[in-house]
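Undergrad: Structure provided below as structure tokens; questions to follow.
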Amino acid sequence: MKSIFKKIFFIITIFIFAISLILTVAGAVLFYNASKTDLTLKQGYNPIKIYDDNNNLITTDSIYYNYTSIYDVSDYIKNAFIAVEDRDFYKHNGFSVKRIFKAMINNIANKNFTQGASTITQQYIKNVYLTNEKTISRKINEIALAIELEKRYTKDQILEAYLNSILFGGNIYGIDMACRYYFNKSPKDIGISEACYLAGMIQAPNYYNAYKNLADADIRKNVVLKCMLEEGYISDVEYLQQKDISLKSLLADKSITVNQNYLASYLDYIYDIADTSYDICEIYTYLDTDIQKELYKIINNSYGLFNDDNLNCAIVVLDNSTYGVKALVGNRNTNQKVINYAYDVKLQPGSTIKPILDYAPAIEYFSYSPATIIVDELYYYHDGMQIHNYDHQYLGPITLRKALSDSRNVPAVKLFNEVGYERAFEFAKKIGIDSSEIYESDAIGGAKNGYSLLDLANAYQAFANLGYYKKASGIKSLHYFSHTINNDEKPKLQMKPTTAWLINNMLHDVFKGSSYDLADTYLMAKTGQTNYDAATLEKYNIPYGATKDSLLVAYTKDITIAVWVGYNYITSENYLDRYKKNIPRNIMRILMTKFSEPGGYYDEIEGITKSYITIYDNTCYLAKDNGYYEYFITGTEPLSYPNFQESI
């Protein structure tokens, strides 16, 4: 037995010796190579080539960047980064064994994993000279290069290069642009809380973007604040003062004055969803440059649609066959990097939500038809509040077709209640419309949290594609240095094709015969508006019933367009009058006339029956004359004539 243990011990010893020898030799080679490497301090990103839908290169210079000196950076910034990223920065020689063990112990004890094992010097080496590949050889190489870098440059030089190499979300690189984007300040003017936010967000820059995830960004800011306190960079009094400051009060409304062109909004969107913290070298998109240029002309008022320079607008154009984002603008401000209302901002949808939450679920679950009768009458929410239609009138018994095309509120809420809140949102969730909080007013667009314009357009795509849904994206494929990811997920059937077909048929009525209808293309559309609440009307002396936002989603068989018009902030003059409310319709007409394909009619599909009917005594019957044609789910069509006619 002892001889067996001796053999096992001998084998293990030889194995450990062999591994140690290999690592020693490999390390020696890497350290030797590091000494011969050109370690010039430089900017920390590689330009990414971006292509349009026709594989034409559109840009390699879409990153917001401006190198800044360490002497123009606030001490709060330097101290915040050192406190959370590398507390021994001024003591080690590029690599710290002590830091590895200390970080492990602290992270386990605190259960928050705020401290990483890599020094600031190592992080800079990885950002600039290496990839994110997780291998032992890459890590040893990183350490070797970090130690070599520290031999050649001062700590301040390395810290300066590091701060200029970091990704701060989307396509914001470097401390200068980060300060301007989030706070509209230069780095030397940044305060304690602002510095803590910037130092903390680099752990997951897109996730901790305070414009999108404020609550978690505030938490992360306070984690770094605690690190600064522990390292003696701030006092107990300063810690308590800054701890309760929300980033919401610090964030800038507008920032980064840059020379932007027609691609700016689209490229911001692409960088936002691509996660550029990884080693991407090429991005192929669904961008249609002709449509994007047209959107740029529209928001720059080439058509004279906007009679107020403060009036804002966002537009999304989707390709129904590929589920690709063909074009997108998120703000009329074209000389600054600002919030993108096309996908960043959750908007109250107004009546554009009615087909999604009310009518489609009623057809899906109850096999209702456009001829189903519903009573438009005095009606109340369950809390006792009266529901009003836009004209403050009630029409009595009407068909679903009439109720939807005329956008009546009472029938919409009735259908929502009949289907049930949970089941209505269960249906909507399958086409990308979800909410953590559900209220009865959701039925007519009074959503508490709202939805992005892109999400609304994407949901309507499911109707255009007869029930098939896939999350829309501007990215066709991402090419990394080591691999490629293609956007090749197949769309899923998320509703009955008959449900989508009937919704399309009813939404065709919205603009049929109007000046917004298309001469030779089958157009479907739904408008929506939101209003100011009574308290806001009184506070800002805004006229009663004034419109806050105007939305429109319109689609043909080949493209879907969504438009929002509204104001960024409330004043006594920032509301939409009748002309401004119609701007989305005019934008839609311009785009559809130029870019939609002729035709696009939906042939009758299996499961749809066309019948010649009449409505008599609030009931649907077959008709011999003086009737009209209507569509039904097969098996639900009327089978008899009214009493004053012969039966079948």
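Undergrad: Within segment 456-489, whose backbone N sits under 15 Å from a point 7 Å along Cα→Cβ of I605?
TA: 460-470
Undergrad: Using Cα pairs under 8 angstrom and six or more residues apart, how large is the relative contact order of the chain, in percent?
TA: Rounded, it is 11 percent for the chain.
Undergrad: Here is a further query. Which loop-located chymotrypsin sites (Phe, Trp or Tyr not before Pro) does segment 456-529 contain, where loop means any DSSP state but H, G, I, E or B and the Cβ has at most 13 other Cβ atoms within 10 Å?
TA: In loop regions of segment 456-529 (DSSP not H, G, I, E or B), the sparsely surrounded chymotrypsin sites (Phe, Trp or Tyr not before Pro) are F481.
Undergrad: Say R0 is 41 Å: what FRET efficiency, to the nearest 0.05, do H388 and N261 get from their beta-carbon distance?
TA: Once the sixth-power term is evaluated, E becomes 0.35.
Undergrad: So what's the back-of-envelope 222 nm ellipticity for the chain, counting only DSSP H runs of four-plus at -39500 (n - 2.57) apiece and dividing by all residues, rounded to 500?
TA: -11500 deg cm²/dmol
Undergrad: If a/c stays under 1.5 just call it rounded; otherwise compare a/b with b/c (prolate if a/b is bigger, oblate if not). Do that for the chain, with a ≥ b ≥ c from the square roots of the Cα gyration tensor eigenvalues.
TA: Cα axes put the chain in the prolate bin.
Undergrad: On to the next question. Which loop chymotrypsin sites (Phe, Trp or Tyr not before Pro) in segment 267-327, with loop taken from DSSP, have no more than 15 other Cβ atoms within 10 angstrom of their Cβ?
TA: When the chymotrypsin sites (Phe, Trp or Tyr not before Pro) of segment 267-327 are filtered for loop state and at most 15 Cβ neighbours within 10 Å, Y278, Y303 remain.
Undergrad: Longest segment of the chain with no GluC sites (Glu not before Pro) in a DSSP loop having at most 16 other Cβ atoms within 10 Å?
TA: Between exposed loop sites, the widest span is 232-376.
Undergrad: Tell me which trypsin sites (Lys or Arg not before Pro) from segment 178-215 have a DSSP coil assignment and no more than 15 other beta carbons within 10 Å of their own.
TA: Listed in order of number, the matching sites amount to none.
Undergrad: Any idea how far apart Y439 and Y480 come out in nm if each label point goes 7 Å out from Cα toward Cβ?
TA: 4.3 nm
Undergrad: To continue, here is another question. Would you work out the charge dipole size for the chain about its Cα centre, treating the Cβ of every Lys and Arg as +1 and the Cβ of every Asp and Glu as -1, and quote it to the nearest 20 debye? Can you show the working numbers first?
TA: Values: 64 positive and 73 negative charges, 497 e Å.
The calculation lands at about 2380 debye.
Undergrad: For the cross-link pairs K337/K548; K526/K580; K470/K557; K402/K594; K430/K476, which exceed 19 Å when the distance is taken from alpha carbon to alpha carbon?
TA: Over 19 Å apart, Cα to Cα: K337/K548; K402/K594; K430/K476.
Undergrad: By how many nm would the segment from L130 to I570 grow when fully extended, if each residue of separation counts as 0.36 nm and the alpha-carbon distance is taken off? Provide the component values of the computation, followed by the final result.
TA: Numbers: separation 440, 0.36 × 440 = 158.40 nm, distance 4.83 nm.
My answer for the length gained is 153.6 nm.
Undergrad: Per residue, how much accessible surface does segment 503-648 expose to a 1.4 Å probe? Answer in Å², no decimals.
TA: That works out to 51 Å² per residue.
Undergrad: Then there is this: Per residue, how large is the accessible surface of segment 293-381? Use a 1.4 angstrom probe and give square angstrom.
TA: Values: 2650 Å² over 89 residues.
So segment 293-381 comes to 30 Å² accessible per residue, rounded to a whole number.
Undergrad: Oh, and also: If you roll a 1.4 Å probe over the chain with all protein chains in place, what percent of the accessible area is carbon or sulfur?
TA: Carbon and sulfur: 51 percent of the exposed surface of the chain.
Undergrad: If you don't mind, another one. For segment 545-621, what does the alpha-carbon gyration tensor say about shape, rounded, prolate or oblate, given a ≥ b ≥ c as the root eigenvalues, a/c under 1.5 as rounded, and a/b over b/c as prolate?
TA: Working: a/c = 3.70, a/b = 1.61, b/c = 2.29.
Judged from the Cα gyration tensor, segment 545-621 comes out oblate (a/c at least 1.5, b/c at or above a/b).
Undergrad: 7 Å from Cα along Cα→Cβ at both S514 and V375: what's the point-to-point distance in nm?
TA: 3.0 nm
Undergrad: Specify the angular offset, from 0 to 90 degrees and rounded to the nearest 10, of the alpha carbon long axis of helix 264-274 from the longest principal axis of the alpha carbons in the chain.
TA: It works out to around 70 degrees.
Undergrad: By the gyration tensor of its Cα atoms, with a ≥ b ≥ c the square roots of the eigenvalues, what is the shape of segment 500-611: rounded for a/c under 1.5, prolate for a/b over b/c, or oblate?
TA: Prolate shape, in that a/c is at least 1.5 and a/b is the bigger ratio.
Undergrad: Solvent-accessible area per residue for segment 393-447 at a 1.4 Å probe radius, Å²? Before the final figure, lay out the partial values.
TA: Values: 2030 Å² over 55 residues.
In whole numbers, segment 393-447 has 37 Å² accessible per residue.
Undergrad: Could I have the simple spin-label model distance between D617 and Y90, label points 7 Å from Cα toward Cβ, reported in nm to one decimal?
TA: 9.3 nm
Undergrad: Separation of segment 265-318 and segment 442-480 by C-alpha centroid, Å?
TA: Using only Cα atoms to place each centre, the spacing works out to 17 Å.
Undergrad: Moving on to the next point. If I stretch the segment between L57 and Q203 completely, what's the gain in nm (0.36 nm per residue apart, minus their alpha carbon distance), one decimal?
TA: 49.4 nm
Undergrad: Tell me the angle of helix 192-201 to the major Cα principal axis of the chain, expressed in degrees between 0 and 90 and rounded to the nearest ten.
TA: The two axes meet at around 80 degrees.
Undergrad: Give me the angle, in degrees from 0 to 90, between the Cα long axis of helix 409-419 and the longest principal axis of the Cα atoms of the chain, rounded to the nearest 10.
TA: Around 70 degrees separate the two axes.
The values are calculated or read from the model by the stated rules, or taken from the named source; none is laboratory data. As the structure is a prediction and not an experimental result, all values here were calculated from the model. Reconstructed Cβ throughout: ideal geometry from the backbone, glycine too, with neighbour counts over all protein chains shown. These accessible areas exclude ligands, DNA and RNA; they are computed on the full protein's heavy atoms, side chains included. Shrake-Rupley method; radii C 1.70, N 1.55, O 1.52, S 1.80 Å.
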